[in-house]
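Heads up: the structure comes next, in structure tokens.
The values are calculated or read from the model by the stated rules, or taken from the named source; none is laboratory data. On a predicted model such as this, the values are computed, not experimentally measured, just so you know. All Cβ positions, even for glycine, are placed from backbone atoms using ideal geometry, and neighbour counts span all protein chains on display. We work out accessible area using only protein heavy atoms, side chains counted, and drop any ligands, DNA or RNA first. Shrake-Rupley method; radii C 1.70, N 1.55, O 1.52, S 1.80 Å.
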Amino acid sequence: MASSPSKTVRPRSALQPPVSRKPRLFRGQCVCVRGSAFVAIMAASRVKYSVLLPTYNERQNLPLIVWLLVRSFEQSGYEFEIIIIDDGSPDGTQEIAEQLIKIYGSDKILLRPRAKKLGLGTAYIHGMKHATGNFIIIMDADLSHHPKFIPEFIRIQKEGNFDIVSGTRYKGNGGVHGWDLKRKLISRGANFLTQVLLQPGASDLTGSFRLYRKEVLQKLMEKCVSKGYVFQMEMIVRARQLGYSIGEVPISFVDRVYGESKLGGNEIVSFLKGLLTLFATT
Amino acid sequence: MTKLLRCLWSLGLFGVAWAVLALDPLDLRPLPAPWPQVLRPLPAYLLVSFGCFSLAVVGFRLGTFNDCEAAAQELQDQIREAKQDLARRGLRL
């Protein structure tokens, strides 16, 4: 059952470790060594997934997302850790996180808080410093991103040896729940405009449910300067510039069950500004 | 080269080619009789076609945007299950 390494040349990370001669090994996989017998190698310790969960006032959602994450990973059998980066929520999110650590163990749940609200980009940098996995999964903690898609992200990543796998609401079975027609129209229009102007080779640029190779995310974080929606777009655009490969998984986006969802006129203006900035500078 | 520059570059190239062929300001007569007249409204045609194409694409995608009712229902059920399980494990909200 040798996984045949395909000969197709795809842009790959220069930072990739020099093991690429051999196919990557995963738990329980058998590998045919050239000209000899099968050798089974247990390689469980080699691949680990770190989930970064930036939170602000997610007391209601945090235990639920953690529960879903743990269940998804236990069913799929991949090694994982969940890193909660809380920006000093006044609603006691951290107290809930402490309880979750007691329930699931401090090797699975890590709380790495910050004193105040400092933004998403720096939250990822902060979380990555503490991550021990070779892949980083970023997602929203508000239950709009369902952990059931993570095994699919991992499967696609392995299949195409991608540097990034991005969840997409705009392809295949992907979609949204809880959006009215106006919001859908804005979303579709903005997405079309983005595709025309940036030609990014990925269908969902503003989504934030993604899997990255750790070193790829590190490199991208050094390059990206935008905030909010634009930050997610810039990550993909810069990734293309740097020659990283991007795979996609259709996801269903279920808008916030608890708490407020935000899309105002200001958001649209700052989105357009960011889009034009990227168009003019990349 | 940035995407903006590339875009301006191709627009400029197209503009010059169109001007030479359709308006013929230098009186080179590159094309026989009916062609310059035919080419003159070309940019307007292209603009309108692109507008129609965009509207059609956005409209089609708007109409076929999945609503994911099943996913929302599944999530609600799982939230209930999660709350029960977490309470059993001693989580106090």
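Here are a few things to note about the model shown:
- All positions within the stretch A:53-74 that are under 18 Å from B:D85 (Cβ atoms), in contact with a helix residue (DSSP H, G or I) (Cβ under 7 Å, 6 or more places away or on another chain) and either free of Cβ contacts under 8 Å to residues at least 12 places away in the same chain or among the hydroxyl-bearing types (S, T, Y) (or both): A:W67, A:S72
- Each residue in the stretch A:229-282 was checked for being at pLDDT below 90, closer than 19 Å to A:Y170 by Cα and within 14 Å of another protein chain (Cβ to nearest Cβ), and 2 pass.
- Among residues that are within 14 Å of chain B (Cβ to nearest Cβ), small (G, A, S) and touching a Pro at 6+ places or on another chain (Cβ under 9 Å), A:G175 is included.
- Residue that is nearest to A:R169 (Cα to Cα) [pool: residues in the stretch A:213-228 that are charged (D, E, K, R) and open to solvent by 10 Å² or more (accessible area, probe 1.4 Å)]: A:K227
- Scanning the stretch B:1-36 for residues that are touching a Phe, Trp or Tyr at 6+ places or on another chain (Cβ under 6 Å) and among the hydrophobic types (A, V, I, L, M, F, W, C) yields one hit, B:L4.
- Those residues of the stretch A:65-98 which are in a helix (DSSP H, G or I), surrounded by fewer than 20 Cβ atoms within 10 Å (Cβ to Cβ) and over 17 Å from the mean Cα position of the chain (by Cα), in sequence order: A:R71, A:E74, A:Q75, A:S76, A:Q94, A:E95, A:E98
- Boolean, A:R210 is under 30 Å from A:G77 (Cα atoms), open to solvent by 50 Å² or more (accessible area, probe 1.4 Å) and away from every other protein chain (no Cβ under 14 Å): no
- One residue alone among A:G228, A:G167 is within 22 Å of A:S72 (Cβ to Cβ) and in contact with an Asp or Glu (Cβ under 9 Å, 6 or more places away or on another chain), and that residue is A:G167.
- Listed by first and then second residue, the pairs with beta-carbon distance under 7 Å, at least 6 apart or on different chains, first residue in the stretch A:75-92 and at pLDDT 95 or above, second surrounded by fewer than 19 Cβ atoms within 10 Å (Cβ to Cβ) and among the hydroxyl-bearing types (S, T, Y), are A:E81/A:T132.
- Of residues in the stretch A:42-64 being part of a loop (DSSP other than H, G, I, E, B) and within 13 Å of chain B (Cβ to nearest Cβ), the one least open to solvent (accessible area, probe 1.4 Å): A:E58
- Check on A:H146, in contact (Cβ under 8 Å) with a residue 12 or more places away in the chain, farther than 30 Å from B:S10 by Cβ and open to solvent by 30 Å² or more (accessible area, probe 1.4 Å): no
- Residue count for the stretch A:132-143 under the criterion of being open to solvent by 10 Å² or more (accessible area, probe 1.4 Å) and closer than 12 Å to A:V51 by Cα: the result is 3.
- Cross-chain or 6+ apart pairs with Cβ under 7 Å, the stretch B:64-93 first and over 17 Å from A:I96 (Cβ atoms), then of a type outside the set (V, I, T) and assigned to a helix (DSSP H, G or I): B:F65/A:K184; B:F65/A:R188; B:Q78/A:L68
- Of all residues in the stretch A:98-126, those being over 25 Å from A:R213 (Cβ atoms) and touching a residue at least 60 places away in the same chain (Cβ under 8 Å) number 1.
- In the stretch A:167-197, the residues that are assigned to a helix (DSSP H, G or I) and open to solvent by 30 Å² or more (accessible area, probe 1.4 Å): A:L181, A:K182, A:R183, A:L185, A:I186, A:L193, A:Q195, A:V196, A:L197
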